[in-house]
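As structure tokens, the structure follows; a few thoughts come after it.
Read-outs throughout are calculated quantities, based only on the coordinates presented, and are distinct from any laboratory measurement. Since the model is a prediction, treat every value here as computed from it, not as a measurement. Note: ideal-geometry Cβ built from the backbone for every residue, glycine included; neighbour counts use all protein chains shown.
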Amino acid sequence: MTPALFDWFATRSILEWVAFSLLGNGVIFAISVWLCDWLGKRYPSRPLFAARHPLSKQDARLAGVAVLLNSAVAVVGWWLWRAGWITITHPAWWRTILDVGIFLLLMDFAMYISHRIAHDPWFYTKIHATHHTHQSTNPISLFVLSPFEVLGFGALMISVLVVVPLSGAAILIYLFLNVLFGTLGHAGVEPFPRSWSKWILVRQIGTSTFHAEHHLQPRTNYGFYTVVWDRLFGTLHPRYDAVLAGKFEP
Ligand SMILES: [Zn+2]
Ligand SMILES: [Zn+2]
């Protein structure tokens, strides 16, 4: 199924791909906002913040720009693929699963490093402070970013794709997981079952609590999909595991 889908992607004209990217990113934004809202209503007993950050016109504008720039990144990625700079494979299912793991871990590490650099005072005041105007989150927080940050993430993802040939299905699964983790990180509630925190491998997954703590205490929890880099480099919030297990309030 995936090769046929990628054949369809490959045979679009540039204008058709621009339209498809805009539509796709608009739908992703709408689903992310809806899911955040739904999670807030589904788990009202497990809030991570005292109150949601208020919605503002300025933030709505920034989110709109982020959707447009994400579409532009999709167009650049598509063009690089068509021009032979990016190689997309269609291997057996097990290789696709391995590629999802490779892509997630490479991006997770690259994003951890970039996020720490983004908290350097020079980069912070010019770029990353925009996202941290939200000390508590709301359903559009994931998209309230400086345009430079949106383009930086896109450039990081495209750089990995240029260097590492990956399965087409793995790329689609990664993109889905990226939006899912981003949405969960800004949901403002913790849907992760407390009992799961006793499983050592499951405990390494980045949760809503993990990124909420970053908004509350920006000098902790720089990771996204996993907490392993924060554990390794000593930047994990000291109470993270206890909060996730329900022993402390966030
Ligand atoms: Zn955030
Ligand atoms: Zn940050």
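Taking the number of Cβ atoms within 10 Å of each Cβ as an exposure proxy, the fewest-first ranking of Ile14, Ile171 is Ile14, Ile171. Cα gyration tensor of the stretch 107-250, axes a ≥ b ≥ c as square roots of the eigenvalues: rounded (a/c below 1.5), prolate (a/b > b/c) or oblate? It comes out oblate by the Cα gyration axes.
For the chain, modelled as a GNM with alpha-carbon contacts under 10 angstrom, which of Leu161, Leu62, Leu232 fluctuates the most? Comparing Leu161, Leu62, Leu232 in the GNM, the peak value goes to Leu232. Report the Stokes-Einstein translational diffusion coefficient (µm² s⁻¹, integer) for the chain, Rh taken as the Kirkwood radius over Cα pairs, at 20 °C with viscosity 1.002 mPa s. The calculation lands on 113 µm²/s.
Here the Karplus relation 6.51 cos²θ - 1.76 cosθ + 1.60, evaluated at θ = phi - 60°, turns the backbone of the stretch 52-66 into coupling constants of 6, 5, x, 6, 9, 5, 4, 5, 4, 5, 4, 5, x, 5, 4 Hz, with x for every Gly and Pro. Dipole magnitude for the stretch 1-133: about 380 debye, using +1 per Lys or Arg Cβ and -1 per Asp or Glu Cβ, origin at the Cα centre.
Each Lys and Arg contributes +1 and each Asp and Glu -1, all at the Cβ; summed about the Cα centre of the chain, the dipole is approximately 440 debye. Placing pseudo-labels 7 Å out from each Cα toward the beta carbon at Phe148 and Trp122 gives an inter-label distance of 1.0 nm. The longest stretch of the chain left intact once loop-based chymotrypsin sites (Phe, Trp or Tyr not before Pro) with at most 13 other Cβ atoms within 10 Å are removed from consideration, loops following DSSP, is 86-198. Indicate the gyration tensor shape class of the stretch 120-182 (rounded, prolate or oblate), computed on the Cα atoms with a ≥ b ≥ c the square roots of the eigenvalues: a/c under 1.5 is rounded; otherwise a/b larger than b/c is prolate and the rest oblate. It comes out oblate by the Cα gyration axes.
When both the stretch 123-194 and the stretch 95-113 are represented by their alpha-carbon centers, they are found 14 Å apart.
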